[in-house]
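The values are calculated or read from the model by the stated rules, or taken from the named source; none is laboratory data. As the structure is a computational prediction, the values presented were derived from the model and not from experiment. Glycine gets a Cβ as well: all are built from the backbone with ideal geometry, and neighbour counts include every protein chain shown.
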Amino acid sequence: MYRFLLTPRWWGINVFVVLAIPFCIFMGSWQLGRFEDRVQDHETASTQQESAAREAARPLTELLPVDKATVGRQTTVTGRYDDQLLVPERKLDDREGFYVLTLLRTDGGEALPVVRGWLPGEPDPARAPAPPTGEVTVTGALQAAESPGAGGVSGRSGWPDGQTGAISAATLLNLVPYDVYDAWVTLNEGDSGMRAVPVSAPQNTGLDLKAFQNLGYTAEWFAFVGFVIFMWFRLLRREVELARDAELGLVAEDGKDGEDTEDEDAGRARAGLVS
């Protein structure tokens with residue numbers, strides 16, 4: 001009854017199943033591992049931010065370049081405020097608003113983007129407080145450069161004069177005539193009555209949409225395993241039933257059952273009578 005398993009067709013089916021199941025398990029396990037890594041990175045980043053807030057501020061040069069180990073750490077920088085820009089479409093406590101970003105020119109010639117605070121509503125230069133004059137020393141949390149279209153940062157272009165969508169050297173170099181650090185600082189306390197912008201986790205370390213996509217892909221790959229097994233048993237059952245029917249004489253050689261064959265014979269007989 002099971003001799004059909006030795007046919008080339010079933011050899012192909014069995015080889016496919018034997019290869020597909022471990023492949024799906026491997027891919028599902030890999031996606032699950034990616035999700036677990038993101039959860040671990042999220043927990044590590046949260047713990048790091050809490051500990052960094054209690055640490056003494058360090059000079060900026062000691063924390064560059066910015067990476068997962070230095071994001072959120074306290075830094076102190078001395079310089080003079082220069083150009084000021086607005087960063088629209090930034091939410092705080094589910095309210096739409098904008099950042100007030102001011103470039104701090106350091107003695108080394110490079111400028112550090114400093115987010116002095118957040119204001120609600122549409123970006124308006126008239127509402128943004130002017131920066132302090134003269135030499136100032138700022139203290140805040142170090143942040144990594146933003147990428148347009150990632151981490152809630154707008155990916156659109158063509159902002160009005162005096163505005164920028166992302167805080168990064170690549171974006172700001174087109175707006176100011178001096179070099180800019182590929183990092184930025186958010187003040188611990190908002191300047192001139194503005195609300196302080198909280199520290200954000202590094203990209204790809206939070207429980208964002210990508211993390212839950214990994215979890216969804218995990219479920220899909222393991223569902224494929226169940227689907228492959230289900231289809232194999234379904235095909236096997238069908239072949240067994242056909243083989244059993246053939247042994248009982250219920251299936252003709254052309255693969256049709258006895259009832260269909262009798263109907264065809266009756267139809268030919270009726271056609272003969274009519275002719």
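Candidates in region 58-77 are the residues that are outside any loop (DSSP other than H, G, I, E, B) and in contact (Cβ under 8 Å) with a residue 60 or more places away in the chain; of these, the one that is surrounded by the fewest Cβ atoms within 10 Å (Cβ to Cβ) is T76.
Considering region 153-166, and only residues there that are under 23 Å from D94 (Cα atoms) and surrounded by 12 or more Cβ atoms within 10 Å (Cβ to Cβ), the residue that is nearest to the chain's Cα centre (by Cα) turns out to be V153. Condition check for A252 on (1) modelled with pLDDT under 75; (2) surrounded by fewer than 12 Cβ atoms within 10 Å (Cβ to Cβ): one failure, at (2). One residue stands out among those in region 65-91 that are modelled with pLDDT of 90 or more and among the aliphatic types (A, V, I, L, M): the one that is nearest to V138 (Cα to Cα), which is V77.
Of everything in region 12-32 that is of a type in the set (F, W, Y) and within 29 Å of the chain's Cα centre (by Cα), the residue that is modelled with the lowest pLDDT is W30. All conditions but one from (1) within 26 Å of the chain's Cα centre (by Cα); (2) part of a loop (DSSP other than H, G, I, E, B) apply to A141; the one that does not is (2). Could you grab me the full set of residues in region 159-195 that are within 19 Å of G117 (Cα to Cα), in a loop (DSSP other than H, G, I, E, B) and among the charged types (D, E, K, R)? Within region 159-195, just E189 meets the criteria.
Taken together, Q203, Q143 contain a single residue that is of a type outside the set (A, V, I, L, M) and modelled with pLDDT under 90, which is Q203. When E96 is tested against (1) assigned to a loop (DSSP other than H, G, I, E, B); (2) in the same structural domain as V180 (by TED's automatic domain parsing); (3) of a type in the set (D, E), only condition (1) is not met.
The residues on offer are S147, S154, and the sole one that is among the hydroxyl-bearing types (S, T, Y), in a loop (DSSP other than H, G, I, E, B) and closer than 25 Å to E62 by Cβ is S147. Of all the numbered requirements in (1) modelled with pLDDT under 90; (2) crowded, with 18+ Cβ neighbours inside 10 Å, T218 misses one, and that requirement is (1).
If you go through region 1-29 and keep only what is loosely packed, with under 14 Cβ neighbours inside 10 Å and either under 18 Å from F212 (Cα atoms) or in contact with a strand residue (DSSP E or B) (Cβ under 8 Å, 6 or more places away or on another chain) (or both), you end up with just S29.
For region 99-124, a tally of residues being farther than 19 Å from A169 by Cβ, in a loop (DSSP other than H, G, I, E, B) and free of Cβ contacts under 8 Å to residues at least 40 places away in the same chain returns 3.
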